[in-house]
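A short worksheet on the structure shown next.
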Amino acid sequence: MTGSRPEVAAAETLPALFAAGRPDDPDAVFLEIPGGEPWTYGATWDRAAQVANGMRAAGVRPGDRVAVQVEKSPEAILAYLACVRSGAVLLPLNTAYTDDEVGRLTADAAPALLLRDRSEVAAFAEGQPVELDDHPVGPDDQAALLYTSGTTGRPKGAMLTHRNLASNAAGLHGLWGFRPDDVLLHVLPVFHTHGLFVATNCVLANGTRMIFLPRFDPDLVFEHLGRTTVMMGVPTHYTRLLADPRLTTEACRSVRLFVCGSAPLLASVHRSFRDRTGKAILERYGMTETSMISSNPLDGERRPGTVGFPLPDVEVRLADVDAEGVGGVEVHGPNVFSGYRGRPDLDASEFRPDGFFRTGDLGTLDDDGYLRIVGRTKDLVISGGLNVHPTEVEEAINALDGVLESAVVGLPDTDLGEAVVAVVVARPGATLDPDRMRTALRAGLAGFKVPKRVVLLDELPRNAMGKVEKAILRTLLTS
Ligand code: MCA
Ligand code: AMP
């Protein structure tokens, strides 16, 4: 049996989606933990109710933000479910963020609660009843707040409603043909849309199990792949699997679907993976603000280098199309977020008057309707599926002793897709040491944002307007 049950497809809130998917048998396994006890649906629901009761007792009210910077663990999922059940707004934070980074985001979000350790989540459940008067949420109520940038400057927190998240997960559940015997191998972090709202919500909508790996680790992947039917990952995961001799047709035999997204998957990687395993990766495209926008088909051609067709109910158009057919990707639908928290200025600039959201990506549509992402208008580096905003890194570099100015660019990298590279100009008379600079940057920046390479130059190339010419820098550094 494939395709969504009617109750799943019709769900307009996360509680409705989860209720539609929840198995009748409370002993059915939801989380399989390598080396640990599994979490059944019954136990997960009861424990989430206890956490929700604990949060309420601590004063968290519906609509309040609950910030969660918790290592990947059942508790991180429980915090999410407790927010859903109590009507609180989940604010997931990258576990790599430093105290500075967390401080800046929480200053903007003003959460009622900040959880930074799995033991804190567990403590909220202690002594609490498993009965819960679930908060009755509506489709337009906010479910989550995700910051897409702004640990420096003015934060950009995307407000996502229940309709946004439930409609998207329900759509993917149907489109990707989830089945009662599916087992998802979960290798992603759970503080981003991909690991939380795509992978986890699809599993909850399906009422089946996921093998919940603590992190992406090829040894663990190959240990569990033989029992897996669905895996979702970023391109770096697939390149790393390809670099492993254990990746064979036999190892992938049980997998019916490999999904990839969050960054461009090279057509060459798509082809190599198919040659090695016999499986064509299904590439899809999305954004924190919009959840998933388009997907290659489950049945039909999964065209390498493309991100497929718009999801059901999602409209995609290209704006300001040039002679080569390249235009700005704009999107409209129940998936599109309600706006940036406290940023009417951004809402005005990023939404068109007719409600379409400007993604900042550049795309083409081929004759068969496949969307291809060919570039970005936004100054963004995507490294191993994680977004790095150059201005944030530049500001941190410019604050270091002896630095006159800097420019940060993404350069092609076989492992990460793009690697963060900084070009730095010293103040007259100052001597800079790239290694020391990288060490100094770690104090304030999460490790994945710290440039992999720091290159010293006498000056930065600028255009007539005085703007740094990053395209010239990229050419200079790659030639
Ligand atoms: C870790 N490091 C990185 C990255 N990750 N450096 C650059 N880019 C990265 N992505 C650095 C750490 O700072 C550390 O350096 C060193 O690598 C080892 O850290 P470790 O955590 O052991 O790394 P890893 O396990 O090899 O992680 C690489 C990874 C991981 C598996 C690719 O980053 C990952 O799982 N990425 C997926 C992110 C994701 O889920 N993105 C979806 C968001 P040092 O020791 O020097 O500090 S996008 C999204 O949700 C949209 C909506 C969408 O379309 O999906
Ligand atoms: P985020 O802000 O983390 O949600 O990242 C969203 C961005 O990731 C998009 O705007 C795209 O630039 C990029 N992205 C996501 N999926 C793909 C994909 N399949 N191909 C190319 N870029 C992608």
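The values are calculated or read from the model by the stated rules, or taken from the named source; none is laboratory data. What you are looking at is a predicted structure, and each value in this text was computed from that prediction instead of being measured. With ideal geometry, Cβ positions are generated from the backbone for all residues, glycine too; neighbour counts draw on all protein chains shown.
See the values below:
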item: Test for K449: is it within 16 Å of ligand 1 (Cβ to nearest atom), modelled with pLDDT under 95 and either surrounded by fewer than 16 Cβ atoms within 10 Å (Cβ to Cβ) or farther than 30 Å from L318 by Cα (or both); result: no
item: Residue list for segment 426-442, restricted to those being assigned to a loop (DSSP other than H, G, I, E, B) and either under 21 Å from G384 (Cα atoms) or modelled with pLDDT under 95 (or both); result: R442
item: Residue in segment 344-355 that is in contact with a Lys or Arg (Cβ under 7 Å, 6 or more places away or on another chain) and either surrounded by 22 or more Cβ atoms within 10 Å (Cβ to Cβ) or among the β-branched types (V, I, T) (or both) present; result: no
item: Conditions (1) part of a loop (DSSP other than H, G, I, E, B); (2) farther than 22 Å from L113 by Cβ; number of the one not met by L184; result: (1)
item: In segment 263-297, the residues that are in contact with a strand residue (DSSP E or B) (Cβ under 7 Å, 6 or more places away or on another chain) and surrounded by fewer than 17 Cβ atoms within 10 Å (Cβ to Cβ); result: P297
item: Scan of segment 111-139 for residues that are surrounded by fewer than 16 Cβ atoms within 10 Å (Cβ to Cβ) and within 22 Å of the chain's Cα centre (by Cα), ordered by number; result: D117
item: Matching residues, segment 398-409, being within 16 Å of ligand 1 (Cβ to nearest atom) and in contact with a Ser or Thr (Cβ under 9 Å, 6 or more places away or on another chain); result: V408
item: Strands (runs of 3 or more DSSP E) fully within segment 333-411 counting 1 or more residues that are out of contact with any Asp or Glu (no Cβ under 9 Å at 6 or more places or on another chain) and of a type outside the set (S, T, N, Q); result: 357-365, 371-376, 386-388
item: Filter result for L416 (within 25 Å of the chain's Cα centre (by Cα), of a type outside the set (D, E) and surrounded by 14 or more Cβ atoms within 10 Å (Cβ to Cβ)); result: yes
item: Some residue of segment 470-477 being surrounded by fewer than 18 Cβ atoms within 10 Å (Cβ to Cβ), outside any helix (DSSP H, G or I) and modelled with pLDDT of 95 or more; result: no
